[in-house]
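Structure record follows, encoded as structure tokens.
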Amino acid sequence: MEAEAAKLIGAGIAMIGAIGAGLGVGMATYGGVQGIARNPDAAGAIQTNMILGIVFTEAIAIYCLVVAMLVLFVF
Amino acid sequence: MSQETTERKWRFGVNRWILLAVIIAGVIITGNYPPARPAILLNAEAILGTHSDPLFYFPFLNTPFYLTNTLVATVLADILVLALLFLSIRPYLNKVRKGADVVPKGLANAVEGFLEVLYNLTESTAGKWTRTIFPWFAAITLLVLVMNWMELIPGVDAVGNFDLHHYTDHYVEEQAQEMGVAVSALSADELHHLEEEAHHHYWEICSDASGNHGEGDTVLIYRANEEGTGACALAVVPWVRAVATDLNFTIGLAIVSVVMIQVIGVRSQGLAYFEKFFNVRTLFTKPFFGLIDFAVGLFEIVSELSKIISFSFRLFGNIFAGAVLLFVIGTLIPVVAQSGVLMLEFFVGMIQAIVFGMLTMVFMAQATHSHHGDEEHH
Amino acid sequence: MEQLGINYGFLIVQIVNFLIMFLILRKWAFIPIMNILEQRREAVAKGLEDARIAQEARENAEKEAEKVMADARTKAAAEARDVTQRAEEQSKEIVKAAEAKAAKAREEALAEVEQDRVRLLGDVRGQVAALSVAAAQKLIGEALDEKKQHSLIDDFFSGVKSGKVTVLEGEDVKGDTAVVTSALPLTDKEQETVKTDVLKKLGSGAEVTFRVDPNILGGLVVRVGDKVLDGSVSGQLSALRENLR
């Protein structure tokens, strides 16, 4: 197998990790929206914390992206 | 207000035809002149000077300086922000300070409203440190917002030079090999001559009579060019490229942010702030758990460092992916489809700007609290 | 690093650029905006405080007004009561005066009527005496001593015999007032006699009034306090009737 093809495949595989982050972001939003629906008065605080949670979850996807980029461009 | 009450005439049946005409014109034009895909490159492309032939070297660092398109974008964003500041916000603020009854309207008021939201958010999180933390939050958010939204301006990431550097280098190397001499041994005249020849050669093989791209127009990235597989590796080097697609910017901003988090932590707690990292308080009283606490404190250092990475790559990843999506869609379906992605990128750009600022703000606010044990690693 | 496009020179350029922008924005935008926001917040807080004070003031004023109103109401009520009381008093006085006047008028009228009656009866007395003398002469057939006859009749009517009130003989009475009733009006002389006689019994402070009542036919009825001394002809006749039964 050519190294080039292996790199492309490797980058693709690295991005599989984004599945988890996607699920996590979905769950965080699910919880946040449900909380807001139940208690609209607390929307501000819930939104802030929800965004923070989403951001931390998203960090996982970002690590995947970093790895994919390292595979593609650096090695 | 009264002007708004006058009924706006909806030119029924006209606008849709205009829209349709534009779409059809777009289809015809892009059919005859297919758009060149901008290079998908991690590095910011050089506009003036190159990596090997820089304008100058930075003193002490000895790294080459060449004008990149992200630097152009940075300067443009700075100019935009400064224009906003001195043409809109300052006059507005002066009016407000003079106690004039300012009618809430216009860009300045929108900016002020936006900043007020950020201020309230900061105040609810940071408390008495609001006045210290808010400028960081606001500056990061405002600047990153402008930089991200610049991506949406038509022409950004799209208008630029055709890049022939790689092809030229490749051609010169080939010719030199054929002549049996090293590239470095060529005289300046010969080199210049070969480069000219390369350009001619390129346009000969890559352009047919109709002016369309030749057979190589399916392979448009540098990488293929380097391998020499595609003869006509045509790529646009945009003059302006979204700043956040340059890791130098995002990492620089992340470093500033994380350093300032430490600075504010020290300012609020003094040297006690470092107890978070070197937790020796319980080390001698409770040997086992103290050791664990100490190790956890050391991990805090890793956590701080990983903040830099997550900060920078979050912004970079989102905006870079957005930019790639924009010009891939723009190349594949050049007419309507990009509008939807533009909408998406509008929100992504805003959210990422706010998230970058808000995270900085939250971490700064956390640094002002003396208790440790916030386990928000990532 | 190189492949990721990280160039320390650019990194530092970006950092410096951001710091410059930060300082500019902070100095000319964020600090003024923070000041304005804080001022506005203070103004809003002050406005709320003012509103609260105004509300309090208004409540106080309302309370005051209510108090004043209540005072006024009670005062008005008191005045009204006063006025009605005075009016009532006045009307009562008027009524009393009117009643008194009426009573006086009635008394005067009664006194006049009484006087008339007394005068009439006094006129009748002489005729009655003459008639009775004439009747007695007719019955007895002989002429009585007319003088003696008259004094007899006088005695009969006045109940006074030789300057003494017959009913009071041997009686022991006490009181402040005495009412002397005769069948026919007594002459002034007779009245004087009766008065002195009664006063002798009761003491000089007593009061003596005279009345005329033809129903007693003759003699005198003297009422002193709650005691009645009946020296009348009708009384003697009824006593005689009791005895004969």
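Go over the candidates C:62, C:42 one by one and state the one that is in a helix (DSSP H, G or I) and modelled with pLDDT of 90 or more.
It is C:62.
Among all residue pairs at least 6 apart or on different chains, which show Cβ distances below 8 Å where the first residue, located in the stretch B:345-366, is within 11 Å of another protein chain (Cβ to nearest Cβ) and the second is of a type in the set (Lys, Arg)?
Every condition considered, the pairs that remain are B:352/B:314; B:355/B:314; B:356/B:314; B:363/B:307.
Quick check: anything in the stretch B:85-106 at pLDDT 80 or above, within 28 Å of residue B:353 (Cα to Cα), within 24 Å of the chain's Cα centre (by Cα) and more than 10 Å from every other protein chain (Cβ to nearest Cβ)?
no
Every residue in the stretch C:176-200 that is of a type outside the set (Val, Ile, Thr) and in contact with an Asp or Glu (Cβ under 8 Å, 6 or more places away or on another chain), please.
Residues satisfying the conditions are C:176, C:178, C:182, C:183, C:190.
Can we say residue C:240 is surrounded by 13 or more Cβ atoms within 10 Å (Cβ to Cβ), in a helix (DSSP H, G or I) and not basic (Lys, Arg)?
no
Looking at (1) more than 7 Å from chain B (Cβ to nearest Cβ); (2) closer than 18 Å to residue B:83 by Cα, which is the one condition that is false for residue C:25?
(1)
Kindly indicate whether residue B:249 is in contact with a Ser or Thr (Cβ under 6 Å, 6 or more places away or on another chain), crowded, with 22+ Cβ neighbours inside 10 Å and not polar (S, T, N, Q).
Spelling it out, it is not the case that residue B:249 is in contact with a Ser or Thr (Cβ under 6 Å, 6 or more places away or on another chain), crowded, with 22+ Cβ neighbours inside 10 Å and not polar (S, T, N, Q).
Taking the stretch B:127-144, which residues are surrounded by 23 or more Cβ atoms within 10 Å (Cβ to Cβ) and over 19 Å from the mean Cα position of the chain (by Cα)?
B:133, B:134
Output the residue which, of all residues in the stretch B:237-288 that are of a type in the set (Lys, Arg) and outside any helix (DSSP H, G or I), is farthest from the other protein chains (Cβ to nearest Cβ).
The qualifying residue farthest from the other protein chains (Cβ to nearest Cβ) is B:286.
The values are calculated or read from the model by the stated rules, or taken from the named source; none is laboratory data. If you're wondering where the values come from, they're calculated on a predicted model, not measured in any experiment. So basically every Cβ, Gly included, is an ideal-geometry build from the backbone, and we count neighbours across all protein chains shown.
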